[in-house]
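The block underneath contains the structure these notes are about, expressed in C-alpha coordinates.
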Amino acid sequence: MPRRPASSSSLPSLALALALAGTACDGEADDPPAEHQTFIATQSDFEGFAQWERFSIDDPAVVPNHVAGIRSVFLNQRPAADALEFPVGTIIVKWNDSDLGSQIHAMVKRGGDYNLDGAHNWEWFDLTFDDEGAVVIRWRGLAPPDGECYGCAPGVEPTTPEGGDCNGCHAAAAEDNDWVQSTVLDLRTLAQ
Amino acid sequence: MIKRIPSPTILLPLLTVLACDSSGSDPADDPEKAAALEVEAYVAGELDNLVTAVEALQAAAPEPDADGWNATDDADAVARMRQHWHEARVSYERVEGAIAVLFPELDASTDERYDGFVEVEADSDLFDGEGVTGIHAIERILWADAQPPEVVAFEMGLSNYAPAAYPADAAQAQAFRDELAARLVADVHRMRDELEPVALDAATAYGGVLGSIAEQLEKVELAQTGEQESRYAQHTLADMRANLEGGAAIFAAFEPWLRSLDGGNEAADAVTGGMARIQAAYDALPGDALPPVPETWSSVMPSDDDLATPYGSLHAMLTAEVDLDDPSSLLAAMVAAADLMDIPVAP
(Lines give C-alpha, C1' and ligand atoms only; values in the text may rest on other atoms or scores of the structure.)
Protein backbone atom coordinates (compact mmCIF):
# COMPACT_ATOMS: atom_id res chain seq x y z
CA MET A 1 0.00 0.00 0.00
CA PRO A 2 1.40 3.40 -0.87
CA ARG A 3 2.30 5.61 2.02
CA ARG A 4 2.14 9.35 2.31
CA PRO A 5 3.64 11.39 5.06
CA ALA A 6 1.12 12.40 7.67
CA SER A 7 0.80 15.97 8.75
CA SER A 8 1.92 16.73 12.28
CA SER A 9 0.91 20.34 12.71
CA SER A 10 -1.31 21.73 15.47
CA LEU A 11 -2.25 18.47 17.08
CA PRO A 12 -5.15 18.41 19.51
CA SER A 13 -4.79 16.11 22.46
CA LEU A 14 -6.75 12.92 22.66
CA ALA A 15 -8.48 14.10 25.80
CA LEU A 16 -9.63 17.32 24.20
CA ALA A 17 -10.75 15.60 21.05
CA LEU A 18 -12.78 13.10 23.01
CA ALA A 19 -14.35 15.63 25.28
CA LEU A 20 -15.53 17.79 22.43
CA ALA A 21 -16.48 14.98 20.07
CA GLY A 22 -18.75 13.50 22.68
CA THR A 23 -21.01 16.52 22.54
CA ALA A 24 -21.31 16.71 18.78
CA CYS A 25 -24.27 14.49 18.05
CA ASP A 26 -26.13 11.48 19.29
CA GLY A 27 -24.86 9.15 16.59
CA GLU A 28 -24.39 5.49 17.42
CA ALA A 29 -22.47 2.77 15.67
CA ASP A 30 -24.43 0.80 13.10
CA ASP A 31 -26.12 -2.28 14.44
CA PRO A 32 -23.72 -5.22 14.36
CA PRO A 33 -24.73 -8.32 12.41
CA ALA A 34 -26.64 -11.18 13.95
CA GLU A 35 -24.62 -13.61 16.00
CA HIS A 36 -24.42 -16.31 13.33
CA GLN A 37 -23.12 -14.03 10.62
CA THR A 38 -19.61 -13.26 9.57
CA PHE A 39 -18.65 -9.62 9.90
CA ILE A 40 -15.89 -8.39 7.61
CA ALA A 41 -15.10 -4.86 8.67
CA THR A 42 -14.18 -2.21 6.15
CA GLN A 43 -12.55 1.13 6.76
CA SER A 44 -15.87 2.92 7.03
CA ASP A 45 -16.83 0.72 9.98
CA PHE A 46 -14.25 2.57 12.06
CA GLU A 47 -15.46 6.03 11.14
CA GLY A 48 -16.46 8.05 14.14
CA PHE A 49 -15.21 5.51 16.64
CA ALA A 50 -14.55 8.31 19.10
CA GLN A 51 -18.32 8.64 19.35
CA TRP A 52 -18.67 5.13 20.70
CA GLU A 53 -18.79 4.24 24.36
CA ARG A 54 -15.44 5.10 25.84
CA PHE A 55 -13.59 3.36 28.64
CA SER A 56 -10.59 5.00 30.20
CA ILE A 57 -7.72 2.85 31.35
CA ASP A 58 -6.34 4.39 34.51
CA ASP A 59 -4.10 1.54 35.52
CA PRO A 60 -0.57 2.91 35.17
CA ALA A 61 0.86 -0.54 34.64
CA VAL A 62 1.87 -1.14 31.07
CA VAL A 63 2.23 -4.63 29.69
CA PRO A 64 5.41 -5.35 27.78
CA ASN A 65 5.56 -3.75 24.37
CA HIS A 66 2.60 -1.45 24.97
CA VAL A 67 3.12 2.26 25.11
CA ALA A 68 2.34 4.19 28.27
CA GLY A 69 0.28 7.35 28.34
CA ILE A 70 -3.40 8.15 27.99
CA ARG A 71 -5.18 4.98 27.03
CA SER A 72 -8.79 4.76 25.98
CA VAL A 73 -10.87 1.91 24.69
CA PHE A 74 -13.90 2.42 22.46
CA LEU A 75 -16.62 -0.20 22.07
CA ASN A 76 -19.22 -0.07 19.31
CA GLN A 77 -21.82 -2.03 21.27
CA ARG A 78 -21.98 -3.86 24.56
CA PRO A 79 -22.69 -7.59 24.59
CA ALA A 80 -26.08 -8.79 25.71
CA ALA A 81 -26.77 -9.77 29.29
CA ASP A 82 -25.32 -13.14 30.27
CA ALA A 83 -23.15 -13.18 27.17
CA LEU A 84 -20.15 -15.44 27.48
CA GLU A 85 -18.52 -13.97 24.39
CA PHE A 86 -18.53 -10.72 22.51
CA PRO A 87 -20.96 -10.99 19.59
CA VAL A 88 -19.91 -11.08 15.95
CA GLY A 89 -19.69 -7.47 14.81
CA THR A 90 -18.06 -6.21 18.00
CA ILE A 91 -15.40 -3.59 17.31
CA ILE A 92 -12.95 -2.62 20.02
CA VAL A 93 -10.57 0.26 19.34
CA LYS A 94 -7.73 1.03 21.71
CA TRP A 95 -6.06 4.40 21.43
CA ASN A 96 -2.76 4.94 23.22
CA ASP A 97 -1.51 8.50 23.31
CA SER A 98 1.87 9.35 24.76
CA ASP A 99 4.79 11.68 24.35
CA LEU A 100 6.25 9.13 21.96
CA GLY A 101 3.26 9.32 19.65
CA SER A 102 -0.08 7.65 19.24
CA GLN A 103 -1.05 4.12 18.44
CA ILE A 104 -4.49 2.92 17.49
CA HIS A 105 -5.15 -0.78 17.53
CA ALA A 106 -8.42 -2.58 17.04
CA MET A 107 -9.87 -6.04 17.29
CA VAL A 108 -13.03 -7.01 15.44
CA LYS A 109 -15.18 -10.05 16.15
CA ARG A 110 -15.34 -11.43 12.63
CA GLY A 111 -16.78 -14.89 13.28
CA GLY A 112 -16.80 -17.65 10.67
CA ASP A 113 -14.05 -19.55 12.48
CA TYR A 114 -11.62 -16.84 11.48
CA ASN A 115 -8.19 -17.03 13.15
CA LEU A 116 -8.83 -20.60 14.24
CA ASP A 117 -5.27 -21.06 15.46
CA GLY A 118 -5.17 -17.80 17.39
CA ALA A 119 -7.76 -15.49 18.85
CA HIS A 120 -10.65 -17.51 17.54
CA ASN A 121 -13.09 -15.40 15.49
CA TRP A 122 -11.16 -12.16 16.07
CA GLU A 123 -9.33 -10.11 13.45
CA TRP A 124 -6.56 -7.64 14.34
CA PHE A 125 -6.20 -4.12 12.95
CA ASP A 126 -3.79 -1.22 13.14
CA LEU A 127 -5.32 2.15 12.38
CA THR A 128 -4.06 5.61 11.67
CA PHE A 129 -5.39 8.87 10.28
CA ASP A 130 -4.80 10.41 6.90
CA ASP A 131 -3.74 14.00 6.36
CA GLU A 132 -7.27 15.20 6.96
CA GLY A 133 -7.88 13.13 10.07
CA ALA A 134 -9.96 10.34 8.54
CA VAL A 135 -9.46 6.83 9.87
CA VAL A 136 -7.35 4.57 7.69
CA ILE A 137 -6.58 0.88 8.11
CA ARG A 138 -2.81 0.42 8.07
CA TRP A 139 -2.95 -3.34 8.21
CA ARG A 140 -5.34 -6.10 9.23
CA GLY A 141 -5.42 -9.84 9.53
CA LEU A 142 -4.32 -12.76 11.67
CA ALA A 143 -1.07 -11.13 12.72
CA PRO A 144 1.06 -8.10 11.93
CA PRO A 145 2.68 -8.17 8.50
CA ASP A 146 6.42 -8.58 8.21
CA GLY A 147 8.20 -5.52 9.49
CA GLU A 148 5.30 -4.41 11.64
CA CYS A 149 5.02 -4.81 15.35
CA TYR A 150 1.62 -4.89 16.87
CA GLY A 151 1.57 -3.38 20.29
CA CYS A 152 5.15 -2.21 20.32
CA ALA A 153 6.07 1.15 21.71
CA PRO A 154 6.92 3.53 18.87
CA GLY A 155 10.53 3.05 17.91
CA VAL A 156 10.98 -0.07 20.02
CA GLU A 157 11.38 -3.47 18.44
CA PRO A 158 9.89 -6.51 20.18
CA THR A 159 12.38 -8.29 22.37
CA THR A 160 11.18 -11.72 21.30
CA PRO A 161 9.58 -13.08 18.12
CA GLU A 162 6.36 -13.37 20.11
CA GLY A 163 6.69 -9.86 21.48
CA GLY A 164 4.61 -8.30 18.75
CA ASP A 165 2.19 -11.15 18.29
CA CYS A 166 -1.38 -10.19 19.11
CA ASN A 167 -2.58 -13.76 19.51
CA GLY A 168 0.15 -14.70 21.93
CA CYS A 169 -0.45 -11.85 24.34
CA HIS A 170 -4.23 -11.98 24.18
CA ALA A 171 -4.23 -15.72 24.82
CA ALA A 172 -4.03 -14.90 28.50
CA ALA A 173 -7.62 -13.67 28.29
CA ALA A 174 -8.89 -16.37 25.96
CA GLU A 175 -10.72 -18.48 28.50
CA ASP A 176 -12.10 -15.85 30.83
CA ASN A 177 -12.85 -12.92 28.56
CA ASP A 178 -13.02 -14.06 24.94
CA TRP A 179 -9.47 -12.93 24.14
CA VAL A 180 -10.11 -9.34 25.27
CA GLN A 181 -7.34 -8.18 27.60
CA SER A 182 -8.64 -4.83 28.81
CA THR A 183 -9.98 -5.17 32.31
CA VAL A 184 -12.47 -2.38 31.61
CA LEU A 185 -14.10 -4.70 29.09
CA ASP A 186 -14.68 -7.59 31.47
CA LEU A 187 -17.62 -9.60 30.12
CA ARG A 188 -18.90 -10.29 33.62
CA THR A 189 -19.47 -6.64 34.34
CA LEU A 190 -19.86 -5.27 30.83
CA ALA A 191 -22.85 -7.27 29.59
CA GLN A 192 -26.12 -5.40 29.79
CA MET B 1 9.59 -0.84 10.52
CA ILE B 2 7.53 0.70 13.24
CA LYS B 3 5.86 3.87 12.15
CA ARG B 4 5.26 6.52 14.71
CA ILE B 5 1.78 7.87 14.33
CA PRO B 6 1.41 11.53 15.03
CA SER B 7 -1.59 12.59 17.00
CA PRO B 8 -4.43 13.34 14.60
CA THR B 9 -4.49 16.66 12.83
CA ILE B 10 -7.84 18.43 12.79
CA LEU B 11 -9.20 15.20 14.10
CA LEU B 12 -12.16 16.41 16.01
CA PRO B 13 -14.20 17.98 13.21
CA LEU B 14 -13.75 14.99 10.98
CA LEU B 15 -14.61 12.43 13.60
CA THR B 16 -17.70 14.40 14.36
CA VAL B 17 -18.79 14.69 10.78
CA LEU B 18 -18.19 11.04 10.05
CA ALA B 19 -19.96 9.90 13.16
CA CYS B 20 -23.08 11.85 12.28
CA ASP B 21 -23.07 10.85 8.62
CA SER B 22 -25.97 8.78 7.38
CA SER B 23 -25.18 5.54 5.56
CA GLY B 24 -28.61 4.89 4.17
CA SER B 25 -28.40 7.21 1.19
CA ASP B 26 -29.88 6.51 -2.21
CA PRO B 27 -27.20 5.56 -4.76
CA ALA B 28 -28.89 7.81 -7.30
CA ASP B 29 -28.14 10.77 -5.06
CA ASP B 30 -24.91 9.45 -3.68
CA PRO B 31 -22.12 9.03 -6.23
CA GLU B 32 -19.87 7.37 -3.68
CA LYS B 33 -22.44 4.72 -2.96
CA ALA B 34 -23.10 4.27 -6.66
CA ALA B 35 -19.39 3.70 -7.25
CA ALA B 36 -19.18 1.19 -4.43
CA LEU B 37 -22.19 -0.73 -5.75
CA GLU B 38 -20.71 -0.85 -9.24
CA VAL B 39 -17.44 -2.17 -7.83
CA GLU B 40 -19.31 -4.78 -5.81
CA ALA B 41 -21.06 -5.99 -8.95
CA TYR B 42 -17.80 -6.17 -10.88
CA VAL B 43 -16.01 -8.04 -8.11
CA ALA B 44 -18.92 -10.45 -7.67
CA GLY B 45 -18.91 -11.20 -11.39
CA GLU B 46 -15.20 -11.98 -11.42
CA LEU B 47 -15.51 -14.17 -8.34
CA ASP B 48 -18.29 -16.08 -10.10
CA ASN B 49 -15.94 -16.56 -13.04
CA LEU B 50 -13.21 -17.68 -10.69
CA VAL B 51 -15.44 -20.28 -9.08
CA THR B 52 -16.53 -21.55 -12.49
CA ALA B 53 -12.94 -21.83 -13.69
CA VAL B 54 -11.58 -23.73 -10.71
CA GLU B 55 -14.54 -26.09 -10.73
CA ALA B 56 -13.87 -26.75 -14.41
CA LEU B 57 -10.20 -27.32 -13.68
CA GLN B 58 -11.04 -29.89 -11.04
CA ALA B 59 -13.55 -31.56 -13.34
CA ALA B 60 -10.95 -31.77 -16.11
CA ALA B 61 -8.54 -33.76 -13.96
CA PRO B 62 -8.08 -37.28 -15.39
CA GLU B 63 -9.60 -40.24 -13.66
CA PRO B 64 -6.96 -41.65 -11.33
CA ASP B 65 -5.15 -44.67 -12.74
CA ALA B 66 -2.01 -46.61 -11.99
CA ASP B 67 0.41 -44.33 -13.81
CA GLY B 68 -1.13 -41.02 -12.77
CA TRP B 69 -1.07 -38.42 -15.52
CA ASN B 70 1.31 -36.10 -17.31
CA ALA B 71 1.49 -33.64 -20.19
CA THR B 72 2.55 -36.31 -22.69
CA ASP B 73 0.25 -39.25 -22.01
CA ASP B 74 -2.73 -37.12 -21.01
CA ALA B 75 -2.10 -34.11 -23.23
CA ASP B 76 -5.74 -33.20 -23.83
CA ALA B 77 -6.69 -33.28 -20.17
CA VAL B 78 -3.63 -31.31 -19.16
CA ALA B 79 -4.35 -28.74 -21.88
CA ARG B 80 -7.90 -28.34 -20.56
CA MET B 81 -6.71 -27.95 -17.00
CA ARG B 82 -4.13 -25.41 -18.11
CA GLN B 83 -6.78 -23.45 -19.99
CA HIS B 84 -9.03 -23.35 -16.92
CA TRP B 85 -6.05 -22.36 -14.81
CA HIS B 86 -5.50 -19.36 -17.13
CA GLU B 87 -9.16 -18.41 -16.79
CA ALA B 88 -9.04 -18.63 -13.02
CA ARG B 89 -5.87 -16.65 -12.86
CA VAL B 90 -7.17 -13.76 -14.91
CA SER B 91 -10.41 -13.53 -12.94
CA TYR B 92 -8.64 -13.45 -9.61
CA GLU B 93 -5.98 -10.97 -10.67
CA ARG B 94 -8.64 -8.57 -11.89
CA VAL B 95 -10.10 -8.23 -8.40
CA GLU B 96 -7.37 -9.36 -6.05
CA GLY B 97 -6.46 -5.82 -5.09
CA ALA B 98 -9.95 -5.01 -3.96
CA ILE B 99 -10.61 -8.15 -1.93
CA ALA B 100 -7.41 -9.87 -0.84
CA VAL B 101 -7.01 -7.53 2.10
CA LEU B 102 -10.39 -8.69 3.40
CA PHE B 103 -9.38 -12.36 3.27
CA PRO B 104 -5.74 -12.59 4.25
CA GLU B 105 -5.89 -16.26 5.13
CA LEU B 106 -7.85 -17.23 2.01
CA ASP B 107 -5.56 -15.08 -0.11
CA ALA B 108 -2.66 -17.06 1.34
CA SER B 109 -4.22 -20.49 0.86
CA THR B 110 -5.28 -19.69 -2.70
CA ASP B 111 -2.53 -17.38 -3.99
CA GLU B 112 0.61 -17.81 -1.89
CA ARG B 113 3.75 -18.66 -3.81
CA TYR B 114 5.68 -21.89 -3.24
CA ASP B 115 8.50 -20.17 -1.40
CA GLY B 116 6.03 -18.49 0.94
CA PHE B 117 4.69 -21.84 2.05
CA VAL B 118 7.91 -23.83 2.38
CA GLU B 119 9.76 -21.16 4.28
CA VAL B 120 7.43 -22.05 7.15
CA GLU B 121 7.52 -25.82 6.85
CA ALA B 122 8.19 -28.56 4.33
CA ASP B 123 5.37 -29.94 2.25
CA SER B 124 5.57 -33.71 2.30
CA ASP B 125 2.81 -34.24 -0.26
CA LEU B 126 2.52 -32.02 -3.34
CA PHE B 127 -0.96 -33.30 -4.11
CA ASP B 128 -2.90 -33.11 -0.88
CA GLY B 129 -4.91 -30.17 0.36
CA GLU B 130 -2.55 -29.15 3.15
CA GLY B 131 0.74 -27.28 3.23
CA VAL B 132 1.42 -25.88 -0.23
CA THR B 133 -2.03 -25.17 -1.67
CA GLY B 134 -3.81 -22.91 -4.09
CA ILE B 135 -3.52 -21.72 -7.64
CA HIS B 136 0.30 -21.74 -7.72
CA ALA B 137 0.53 -25.20 -6.18
CA ILE B 138 -1.66 -26.44 -9.02
CA GLU B 139 0.31 -24.39 -11.56
CA ARG B 140 3.52 -25.98 -10.33
CA ILE B 141 2.10 -29.43 -11.03
CA LEU B 142 0.42 -28.58 -14.34
CA TRP B 143 3.68 -27.21 -15.72
CA ALA B 144 5.96 -29.68 -13.95
CA ASP B 145 7.73 -30.47 -17.22
CA ALA B 146 8.27 -26.83 -18.18
CA GLN B 147 9.93 -25.19 -15.22
CA PRO B 148 12.20 -22.33 -16.38
CA PRO B 149 15.82 -22.91 -15.32
CA GLU B 150 16.00 -19.73 -13.27
CA VAL B 151 12.89 -20.79 -11.37
CA VAL B 152 14.33 -24.21 -10.58
CA ALA B 153 17.59 -22.59 -9.53
CA PHE B 154 15.74 -20.25 -7.17
CA GLU B 155 13.58 -22.95 -5.65
CA MET B 156 16.43 -25.43 -5.22
CA GLY B 157 17.94 -22.90 -2.84
CA LEU B 158 14.92 -23.07 -0.56
CA SER B 159 15.48 -25.11 2.58
CA ASN B 160 12.37 -27.24 2.17
CA TYR B 161 12.49 -27.57 -1.60
CA ALA B 162 10.86 -30.55 -3.30
CA PRO B 163 10.94 -30.90 -7.10
CA ALA B 164 7.74 -30.29 -9.03
CA ALA B 165 6.14 -33.44 -10.45
CA TYR B 166 3.05 -34.80 -12.12
CA PRO B 167 0.99 -37.35 -10.19
CA ALA B 168 2.83 -40.63 -10.64
CA ASP B 169 0.19 -43.07 -9.44
CA ALA B 170 -3.51 -43.40 -8.73
CA ALA B 171 -3.23 -42.16 -5.18
CA GLN B 172 -1.45 -38.97 -6.20
CA ALA B 173 -3.86 -38.37 -9.09
CA GLN B 174 -6.79 -38.83 -6.77
CA ALA B 175 -5.27 -36.53 -4.18
CA PHE B 176 -4.69 -33.86 -6.82
CA ARG B 177 -8.33 -33.91 -7.88
CA ASP B 178 -10.06 -34.62 -4.58
CA GLU B 179 -7.80 -32.77 -2.18
CA LEU B 180 -5.60 -30.09 -3.75
CA ALA B 181 -8.05 -28.97 -6.46
CA ALA B 182 -11.00 -29.51 -4.14
CA ARG B 183 -9.37 -27.30 -1.51
CA LEU B 184 -9.04 -24.50 -4.05
CA VAL B 185 -12.67 -24.92 -5.07
CA ALA B 186 -13.75 -24.80 -1.43
CA ASP B 187 -11.60 -21.76 -0.69
CA VAL B 188 -12.86 -19.67 -3.60
CA HIS B 189 -16.44 -20.67 -2.79
CA ARG B 190 -15.88 -19.45 0.74
CA MET B 191 -14.33 -16.21 -0.49
CA ARG B 192 -17.30 -15.55 -2.75
CA ASP B 193 -19.85 -16.48 -0.11
CA GLU B 194 -18.27 -14.41 2.64
CA LEU B 195 -17.87 -11.39 0.40
CA GLU B 196 -21.49 -11.45 -0.74
CA PRO B 197 -22.96 -9.65 2.29
CA VAL B 198 -20.06 -7.21 2.63
CA ALA B 199 -20.81 -3.64 1.67
CA LEU B 200 -17.52 -2.67 0.05
CA ASP B 201 -16.68 0.91 0.92
CA ALA B 202 -14.88 3.31 -1.36
CA ALA B 203 -11.71 3.16 0.69
CA THR B 204 -11.43 -0.61 0.44
CA ALA B 205 -12.16 -0.72 -3.27
CA TYR B 206 -10.09 2.28 -4.30
CA GLY B 207 -7.27 1.50 -1.88
CA GLY B 208 -7.07 -2.00 -3.31
CA VAL B 209 -6.55 -0.67 -6.79
CA LEU B 210 -3.88 1.70 -5.51
CA GLY B 211 -2.09 -1.22 -3.93
CA SER B 212 -2.38 -3.31 -7.05
CA ILE B 213 -0.87 -0.58 -9.22
CA ALA B 214 1.90 0.00 -6.69
CA GLU B 215 2.80 -3.70 -6.84
CA GLN B 216 3.33 -3.77 -10.60
CA LEU B 217 6.99 -2.84 -10.30
CA GLU B 218 7.58 -5.44 -7.60
CA LYS B 219 6.16 -8.13 -9.86
CA VAL B 220 8.66 -7.19 -12.55
CA GLU B 221 11.57 -7.02 -10.13
CA LEU B 222 10.90 -10.51 -8.77
CA ALA B 223 11.71 -11.89 -12.21
CA GLN B 224 15.34 -10.98 -11.62
CA THR B 225 15.64 -13.87 -9.16
CA GLY B 226 13.18 -16.33 -10.68
CA GLU B 227 10.58 -15.44 -8.05
CA GLN B 228 7.92 -13.92 -10.29
CA GLU B 229 4.38 -14.77 -9.35
CA SER B 230 3.10 -17.09 -12.08
CA ARG B 231 6.55 -18.42 -12.72
CA TYR B 232 5.76 -21.97 -13.92
CA ALA B 233 3.13 -21.07 -16.52
CA GLN B 234 5.12 -18.00 -17.55
CA HIS B 235 1.97 -15.98 -17.02
CA THR B 236 3.11 -13.06 -14.88
CA LEU B 237 2.69 -10.44 -17.60
CA ALA B 238 -0.84 -11.74 -18.18
CA ASP B 239 -1.44 -11.40 -14.43
CA MET B 240 -0.33 -7.80 -14.64
CA ARG B 241 -2.56 -7.13 -17.63
CA ALA B 242 -5.44 -8.50 -15.55
CA ASN B 243 -4.44 -6.29 -12.61
CA LEU B 244 -4.55 -3.26 -14.86
CA GLU B 245 -7.79 -4.31 -16.49
CA GLY B 246 -9.45 -4.76 -13.12
CA GLY B 247 -7.98 -1.52 -11.86
CA ALA B 248 -9.32 0.34 -14.86
CA ALA B 249 -12.77 -1.19 -14.44
CA ILE B 250 -12.89 -0.28 -10.77
CA PHE B 251 -11.58 3.21 -11.39
CA ALA B 252 -14.23 3.65 -14.07
CA ALA B 253 -16.83 3.09 -11.35
CA PHE B 254 -15.45 6.11 -9.51
CA GLU B 255 -15.16 8.33 -12.58
CA PRO B 256 -18.68 9.81 -12.59
CA TRP B 257 -18.21 10.85 -8.99
CA LEU B 258 -14.72 12.20 -9.57
CA ARG B 259 -15.69 14.10 -12.71
CA SER B 260 -18.59 15.75 -10.88
CA LEU B 261 -16.16 17.50 -8.54
CA ASP B 262 -14.25 20.70 -9.10
CA GLY B 263 -11.02 19.72 -10.80
CA GLY B 264 -12.34 16.21 -11.24
CA ASN B 265 -12.02 16.05 -15.00
CA GLU B 266 -8.33 16.89 -14.84
CA ALA B 267 -7.79 14.40 -12.04
CA ALA B 268 -9.66 11.65 -13.86
CA ASP B 269 -7.82 12.33 -17.10
CA ALA B 270 -4.51 12.09 -15.27
CA VAL B 271 -5.44 8.65 -13.97
CA THR B 272 -6.85 7.29 -17.21
CA GLY B 273 -3.86 8.73 -19.04
CA GLY B 274 -1.47 6.92 -16.71
CA MET B 275 -3.36 3.67 -17.07
CA ALA B 276 -3.27 4.07 -20.85
CA ARG B 277 0.50 4.49 -20.74
CA ILE B 278 0.91 1.26 -18.83
CA GLN B 279 -1.62 -0.47 -21.05
CA ALA B 280 0.33 0.55 -24.14
CA ALA B 281 3.54 -0.79 -22.66
CA TYR B 282 1.92 -4.11 -21.76
CA ASP B 283 0.28 -4.37 -25.17
CA ALA B 284 3.62 -3.85 -26.88
CA LEU B 285 5.00 -6.99 -25.27
CA PRO B 286 4.24 -10.37 -26.83
CA GLY B 287 2.84 -13.36 -24.97
CA ASP B 288 1.97 -13.88 -21.33
CA ALA B 289 5.47 -13.93 -19.85
CA LEU B 290 7.60 -11.08 -18.66
CA PRO B 291 10.44 -10.32 -21.08
CA PRO B 292 13.75 -11.93 -20.18
CA VAL B 293 15.91 -10.15 -17.66
CA PRO B 294 19.24 -9.06 -19.17
CA GLU B 295 22.12 -11.03 -17.69
CA THR B 296 23.89 -7.81 -16.74
CA TRP B 297 20.80 -6.15 -15.24
CA SER B 298 21.20 -3.95 -12.19
CA SER B 299 18.14 -2.37 -10.60
CA VAL B 300 20.35 0.13 -8.82
CA MET B 301 22.21 1.38 -11.87
CA PRO B 302 21.05 -0.30 -15.06
CA SER B 303 23.17 0.30 -18.11
CA ASP B 304 21.80 2.11 -21.12
CA ASP B 305 21.99 -1.12 -23.10
CA ASP B 306 19.98 -2.98 -20.47
CA LEU B 307 17.44 -0.19 -20.23
CA ALA B 308 16.96 -0.44 -23.98
CA THR B 309 15.82 -4.08 -23.72
CA PRO B 310 12.12 -4.91 -23.40
CA TYR B 311 12.64 -5.77 -19.73
CA GLY B 312 14.57 -2.58 -19.10
CA SER B 313 11.95 -0.46 -20.81
CA LEU B 314 9.18 -2.09 -18.80
CA HIS B 315 11.09 -1.66 -15.55
CA ALA B 316 11.85 2.00 -16.26
CA MET B 317 8.27 2.75 -17.26
CA LEU B 318 6.83 1.18 -14.10
CA THR B 319 9.45 2.82 -11.90
CA ALA B 320 8.27 6.17 -13.19
CA GLU B 321 4.55 5.38 -12.93
CA VAL B 322 4.66 4.29 -9.28
CA ASP B 323 6.84 7.19 -8.12
CA LEU B 324 4.71 9.03 -5.58
CA ASP B 325 7.12 11.94 -5.57
CA ASP B 326 6.47 12.61 -9.24
CA PRO B 327 3.08 14.30 -9.64
CA SER B 328 2.89 13.14 -13.24
CA SER B 329 3.02 9.44 -12.29
CA LEU B 330 -0.06 7.25 -12.32
CA LEU B 331 0.20 6.47 -8.64
CA ALA B 332 0.46 10.15 -7.68
CA ALA B 333 -2.51 10.90 -9.91
CA MET B 334 -4.53 8.15 -8.21
CA VAL B 335 -3.68 9.49 -4.76
CA ALA B 336 -4.61 13.00 -5.89
CA ALA B 337 -7.92 11.69 -7.17
CA ALA B 338 -8.52 9.94 -3.84
CA ASP B 339 -7.87 13.21 -2.06
CA LEU B 340 -10.34 15.01 -4.29
CA MET B 341 -13.01 12.42 -3.51
CA ASP B 342 -12.09 12.48 0.20
CA ILE B 343 -11.34 8.77 0.13
CA PRO B 344 -9.02 8.04 3.04
CA VAL B 345 -6.02 6.05 1.88
CA ALA B 346 -3.07 4.92 3.95
CA PRO B 347 -0.53 7.69 4.50
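The values are calculated or read from the model by the stated rules, or taken from the named source; none is laboratory data. Owing to the predicted nature of the structure, the values given are computational and were not obtained by experimental measurement. Heads up, the Cβs are rebuilt from the backbone with ideal geometry, glycines too, and the neighbour counts pull from every protein chain shown. Keep in mind that these areas ignore ligands, DNA and RNA; they rest on the heavy atoms of the full protein, side chains included. Shrake-Rupley method; radii C 1.70, N 1.55, O 1.52, S 1.80 Å.
Under 5 Å from the amide H of A:Trp139 lie the amide H atoms of A:Asp126, each residue being 5 or more positions distant or on a separate chain, with H modelled from the backbone and absent for Pro and chain starts. Counting Cβ atoms of other protein chains within 10 Å of each Cβ in A:137-143 and taking the mean gives 4.
Quick check: with the 1.4 Å probe, what order do A:His170, B:His86 take by accessible area, largest first?
Result, largest first: B:His86, A:His170.
Helix hunt in chain B: which complete DSSP H runs extend at least 30 Å axially by C-alpha with mean Kyte-Doolittle at least 0.0?
Long hydrophobic helices here: B:31-60, B:236-259.
Inter-label distance, B:Asp26 to B:Ser124: 6.3 nm, where each label sits 7 Å from its Cα along the C-beta direction.
Taking B:Met156, B:Met240, B:Met334 as the candidate residues, the one with maximal mean-square fluctuation in a Gaussian network model of chain B, Cα springs under 10 Å, is B:Met156. Label sites at A:Ala172 and B:Ala186, each approximated as a point 7 angstrom past Cα along Cα to Cβ, lie 3.6 nm apart. Around the amide H of B:Gly68, modelled in the peptide plane, lie the amide H atoms of B:Asp169, B:Ala170, all under 5 Å away and 5 or more residues distant in sequence or on another chain. Springs join every pair of Cα atoms under 10 Å in this Gaussian network model of chain B, and among B:Thr204, B:Thr272, B:Thr296 the largest mean-square fluctuation is at B:Thr296. A straight chain from B:Ala75 to B:Ala280 at 0.36 nm per residue would run longer than the Cα-Cα distance by 70.3 nm.
The modelled label-to-label distance between B:Ala66 and B:Asp48, using points 7 Å beyond Cα along the C-beta direction, is 4.6 nm.
Explain nothing, just the number: relative contact order of chain B, from Cα pairs under 8 Å at least 6 residues apart, as a whole percent.
Result for chain B is 20 percent.
Evaluate E = 1/(1 + (r/R0)^6) for A:Glu132 and B:Asn265, where r is the Cβ-Cβ distance and R0 equals 30 Å; express this FRET efficiency to the nearest 0.05.
On the way: r = 22 Å, r/R0 = 0.75.
It comes out at approximately 0.85.
Summed over all non-identical Cα pairs, the Kirkwood treatment of the range B:31-340 gives a radius of 20.4 Å.
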